[in-house]
Amino acid sequence: MTRRHTYPEAAAELRVEESWLRRHIKRLPHSKKGRVVTFSDEDLTRIDAMFHHEPEQGPPLRAVGAHPLADLKPLPSRRAASA
């Protein structure tokens, strides 16, 4: 038999506020029998996937605590260029 989660159980599983689930219920997969709303394990997996984000491609990340100017390289000397 499929496990059915109540609002508080689903919120705890997804690590969100119960009020967030209630506000977004029209966009989220769920089951409703009369006034009783439940979420299956599959519903919770689909909700999690709906809000999953992959990082954008960008410059490589710096090490934690690295100085923000550590990657800068000095410009060539003007004296060497004018000679």
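The values are calculated or read from the model by the stated rules, or taken from the named source; none is laboratory data. Note that the structure is predicted; figures quoted are calculated from it, not measured. A quick note on method: Cβ atoms are made from the backbone with ideal geometry, for glycine too, and the neighbour counts reach across all protein chains shown. Note: accessible area is taken over every heavy atom of the protein model, side chains too, but ligands, DNA and RNA are not part of it. Shrake-Rupley method; radii C 1.70, N 1.55, O 1.52, S 1.80 Å.
So what is the diffusion coefficient of the range 1-41 in µm² per second by Stokes-Einstein at 4 °C and 1.567 mPa s, using a Kirkwood Rh over Cα pairs? Intermediate values should be presented prior to the final figure.
On the way: Rh = 10.3 Å.
My calculation gives 125 µm²/s for D.
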Among Phe51, Thr2, Pro76, which residue has its Cα positioned farthest towards the positive end of the charge dipole of the chain, with +1 placed on the Cβ of Lys and Arg, -1 on the Cβ of Asp and Glu, and the dipole taken about the Cα centre? Pro76
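Per DSSP helix of 4 or more residues, -39500 (n - 2.57); summed, then divided by the residues of the chain. What does that give at 222 nm, rounded to the nearest 500? Before the final figure, lay out the partial values.
Values: 4 runs with 29 residues, N = 83.
Dividing the helical sum by the residues of the chain leaves -9000 deg cm²/dmol.
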Diffing the range 64-71: the Karplus 3J(HN,Hα) column from phi (6.51, -1.76, 1.60, θ = phi - 60°), in whole Hz with x for Gly and Pro, holds 4, x, 5, 5, x, 9, 5, 8
Over the chain, what relative contact order in percent results from Cα pairs under 8 Å that are six or more residues apart? 26 percent
Once both axes come from the Cα atoms, what is the angle between helix 41-50 and the longest principal axis of the chain, in degrees from 0 to 90, rounded to 10? 30 degrees
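Between the DSSP loop rule and a limit of at most 14 other Cβ atoms within 10 Å, which GluC sites (Glu not before Pro) in the chain are left?
Values: sites: Glu9, Glu13, Glu17, Glu18, Glu42, Glu56; in loops: Glu17, Glu56.
Loop-located and lightly packed - Glu17, Glu56.
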Cα-projected label distance for Leu72 with Arg23, points at 7 Å along beta-carbon direction, nm: 4.1 nm
Can you tell which of Ala11, Ala70, Ala49 shows the greatest fluctuation in a Gaussian network model of the chain with Cα springs below 10 Å? Ala70
Heavy-atom accessible area with a 1.4 angstrom probe orders Val64, Val16, Val36, most exposed first, as Val64, Val36, Val16
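Taking a probe of 1.4 Å, how large is the accessible area per residue of the range 1-52, in Å²? Present the calculation step by step, with values, prior to reporting the outcome.
Working: 4050 Å² over 52 residues.
Value for the range 1-52: 78 Å² per residue.
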When only alpha-carbon atoms count, how far does the chain stretch along each of its three principal axes, as whole angstroms with the largest first? 86, 25, 22
Please list, in chain and number order, the residues 5+ apart from His5 or on another chain whose amide H is under 5 Å from its amide H, with Hs placed from the backbone. Phe39, Ser40
